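Peer 1: First the structure, then my questions, so here it is.
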Amino acid sequence: MARVKMLLVEDDAALAELLVFHFKREDFEVTHTPDGEEALLLARESTPDIVLLDWMVEGISGIEVCRRLRRSPETANVPIIMLTARGEEEDRVRGLETGADDYVTKPFSPRELVARVGAVLRRVRPALAGEALIYADIEMDTVGHKVRRAGEVVSLGPTEFRLLKHFLEHPGWVFSRERLLDAVWGHDSDIESRTVDVHIRRLRKAINIGDRPDIIRTVRSAGYSLDAGG
């Protein structure tokens, strides 16, 4: 399973060092910044799997960072946990309404925070919490390299398997052809973007077995999404 990429936005140097230690020990890939503006730049350069975000940081506030991350298509669905000394109900509600997935009040134990992060990932990004990727009636065993839909075995080629795996790791996200090329074929690939359409058609043909609904949504002028409600 790929390492979870965490963006830690915390301007308390001692606390940040402690959290980096604990999460790296749990095999997280941690990028740390004390600055809100830099956090937005880092998130744009490399989309994190989860963000730990202090309310009061250098530059723009954590609450504004959260708001901007939610407005950006690349980070709109990235889980965010707010870290703050503000324990009042009004502040907690404000943080959650801005888009945070969870809210941890200081002081807290690093072990508790690790557990809270794991709980959020299992709920919001189940692909990062285990070896089985499940969405709607599709289940992928990433170790056994097997796929089932509604209990029936689905036969996929290697490229279609990687493509479906990427979708299952980001359900509901809309990916352009260029982003799919980077994620599935690699940054150095010289394959034309229209090749993605060919493999999407093959993937659809394979997984839309019987009278199952088409679960891959085409978003005009944007790309493709794994969307059971689409």
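Peer 1: Does the range 26-36 hold any residues that are over 17 Å from the mean Cα position of the chain (by Cα) and modelled with pLDDT of 90 or more, and which are they?
Peer 2: We begin by selecting, within the range 26-36, every residue over 17 Å from the mean Cα position of the chain (by Cα); these are 26, 32-36.
Those that are over 17 Å from the mean Cα position of the chain (by Cα) and modelled with pLDDT of 90 or more: 32, 33, 34, 35, 36.
Peer 1: Identify, please: which residue in the range 18-65 is farther than 16 Å from residue 111 by Cβ and without any contact (Cβ under 8 Å) to a residue 12 or more places away in the chain and is, among those, least open to solvent (accessible area, probe 1.4 Å)?
Peer 2: Filtering first and then ranking leaves 41.
Peer 1: In the range 144-155, what residues are part of a strand (DSSP E or B) and aliphatic (A, V, I, L, M)? Write out each step before concluding.
Peer 2: Of all residues in the range 144-155, those part of a strand (DSSP E or B) come to 146-149, 152-154.
Within the range 144-155, 147, 153, 154 meet the criteria.
The values are calculated or read from the model by the stated rules, or taken from the named source; none is laboratory data. The model shown is predicted, which means the values in this text are computed figures rather than measured ones. With ideal geometry, Cβ positions are generated from the backbone for all residues, glycine too; neighbour counts draw on all protein chains shown. Heavy atoms of the whole protein, side chains included, go into the accessibility calculation; ligands, DNA and RNA do not. Shrake-Rupley method; radii C 1.70, N 1.55, O 1.52, S 1.80 Å.
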